[in-house]
Amino acid sequence: MSGLTIKQVTGNIGAEIEGVDLSGPVDASIADALRRALWDHQVLILHDQFLDIAQLKQVTALFGPLQRLPYVEPIAEDPLVIGVRKKATDKKIAVFGGNWHSDFSFLEHPPAGSLLSAVEIPEVGGDTVWSNQIAAYETLPDNLRDVVEGRAAIHVGKPHGVKFAPKGNQRSTIKMVRGDPEADRETFHPAIRRHPETGRRALFVNPVYTSRLDGMSEAESEPILDRLFWHATRPEFSCRHRWRAGDLVVWDNRSTLHFAVNDYDGSDRLLYRTTFSDAQRPQA
Ligand code: SIN
């Protein structure tokens, strides 16, 4: 018996976990229960954890090996940790993760999941939203399912490359590499992927990194991808987290999209972020 309690936060995604303190050594039965809960609910929310950097890394390792992210500057103290920070003086500026995406899907091995640990949170705003891509797959209209079933989608590192580089002066809250032609390299992943832990199938496309569908040009793919993105982010597949300092959230990157809501100009926000890796490439 692990002793933790699991309370769903919506009908389709997300659960609050109570009865566990992750600041010290974690019993194997609790670690197992947390992993199981993550595969079942896709997003886990744990309040009042107040983890320091070392503790956050230890908790991350319960879910998988820590992964260093390319293209994004980590904190000075640790290459495996990113400081997701927006300052009160950062106004009218893009935030890290401020559009629907699954993390780094343009890599050959996209991460298995990520954690955010809340340090400083605006009084109002700065929520994060996740969407369950298993639910999105299971409710795909037949005409969309027929197009993506058995087909690969192509992902590129659009924000970091040349071909799809965002136009204009890109002021962002986080330092990241831009203009790298290597990031334009196309990576093929199944548009519907099978979760390695549960065998459940999930839609695996996102507006930040998916450029086209295999066998189609970008122009041919665009109206289909737009319909897929619209379906993938329907409110009934999503949960929205209102952060409190001390919160820890873990999510499964293989079966969710997420979105950082940028509605708190004039307030400070800081969360530390880690990522754990996947042993295998996405499988159909
Ligand atoms: C992200 O990891 O994409 C950012 C999430 C957030 O800042 O809410």
Exercise. Given the conditions (1) away from the ligand (no atom under 16 Å from the Cβ); (2) surrounded by 14 or more Cβ atoms within 10 Å (Cβ to Cβ); (3) at negative phi, report the number of the one that residue 45 does not fulfil.
Key: (1)
Practice problem: Taking residue 63 as the residue in question, decide whether it is within 14 Å of the ligand (Cβ to nearest atom), surrounded by 16 or more Cβ atoms within 10 Å (Cβ to Cβ) and aromatic (Phe, Trp, Tyr). | Solution: no
Quiz item: Has region 188-199 got at least one residue that is touching a helix residue (DSSP H, G or I) at 6+ places or on another chain (Cβ under 9 Å), within 16 Å of the ligand (Cβ to nearest atom) and in contact (Cβ under 8 Å) with a residue 40 or more places away in the chain?
Solution: no
Exercise. Can you tell me which residue among 281, 244 is under 30 Å from residue 191 (Cβ atoms) and either more than 13 Å from the ligand (Cβ to nearest atom) or among the basic types (Lys, Arg) (or both)?
Key: 281
Quiz item: So which pairs qualify, if the first residue must be in region 123-147 and within 14 Å of residue 191 (Cβ to Cβ), the second must be among the β-branched types (Val, Ile, Thr), the Cβ gap must be under 7 Å, and the two must be at least 6 apart or on different chains?
Solution: 133/256; 137/192; 147/224
Exercise. Could you check how many residues of region 81-117 are of a type in the set (D, E, K, R), closer than 30 Å to residue 152 by Cβ and within 14 Å of the ligand (Cβ to nearest atom)?
Key: 1
Exercise. Give the residues of region 100-119 that are surrounded by 15 or more Cβ atoms within 10 Å (Cβ to Cβ) and in a loop (DSSP other than H, G, I, E, B), sorted by residue number.
Key: 100, 102, 103, 104, 105, 106, 107, 110, 111, 112
Quiz item: Does residue 78 fit the bill of being within 17 Å of residue 56 (Cβ to Cβ), of a type in the set (Asp, Glu) and either open to solvent by less than 40 Å² (accessible area, probe 1.4 Å) or near the ligand (Cβ under 9 Å from one of its atoms) (or both)?
Solution: yes
Quiz item: So which residues in region 248-268 are among the charged types (D, E, K, R), assigned to a loop (DSSP other than H, G, I, E, B) and surrounded by 23 or more Cβ atoms within 10 Å (Cβ to Cβ)?
Solution: 254
Quiz item: Any idea how many residues of region 207-251 are small (Gly, Ala, Ser) and more than 30 Å from residue 20 (Cα to Cα)?
Solution: 6
Quiz prompt | Answer from 208, 250, 261 - the residue that is within 16 Å of the ligand (Cβ to nearest atom) and within 17 Å of residue 44 (Cβ to Cβ) | solution = 250
Quiz item: Among (1) in a strand (DSSP E or B); (2) open to solvent by 20 Å² or more (accessible area, probe 1.4 Å); (3) β-branched (Val, Ile, Thr), where does residue 208 come up short?
Solution: (1)
Quiz item: From 271, 225, which residue is more than 13 Å from the ligand (Cβ to nearest atom) and either in a strand (DSSP E or B) or touching a Pro at 6+ places or on another chain (Cβ under 8 Å) (or both)?
Solution: 225
Quiz item: Where residues in region 126-140 are open to solvent by 10 Å² or more (accessible area, probe 1.4 Å) and within 12 Å of the ligand (Cβ to nearest atom), which of them is nearest to residue 48 (Cα to Cα)?
Solution: 127
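One line per residue, one yes/no per condition, for (1) within 17 Å of residue 284 (Cα to Cα); (2) modelled with pLDDT of 95 or more:
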position	(1), (2)
124	no, yes
134	yes, yes
138	yes, yes
141	no, yes
146	yes, yes
151	yes, yes
160	no, no
171	no, no
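The values are calculated or read from the model by the stated rules, or taken from the named source; none is laboratory data. Owing to the predicted nature of the structure, the values given are computational and were not obtained by experimental measurement. Here the Cβ is made from the backbone with ideal geometry for all residues, glycine too, and neighbour counts use every protein chain on show. Calculation scope for accessible area: heavy atoms of the full protein, side chains included, ligands and nucleic acids excluded. Shrake-Rupley method; radii C 1.70, N 1.55, O 1.52, S 1.80 Å.
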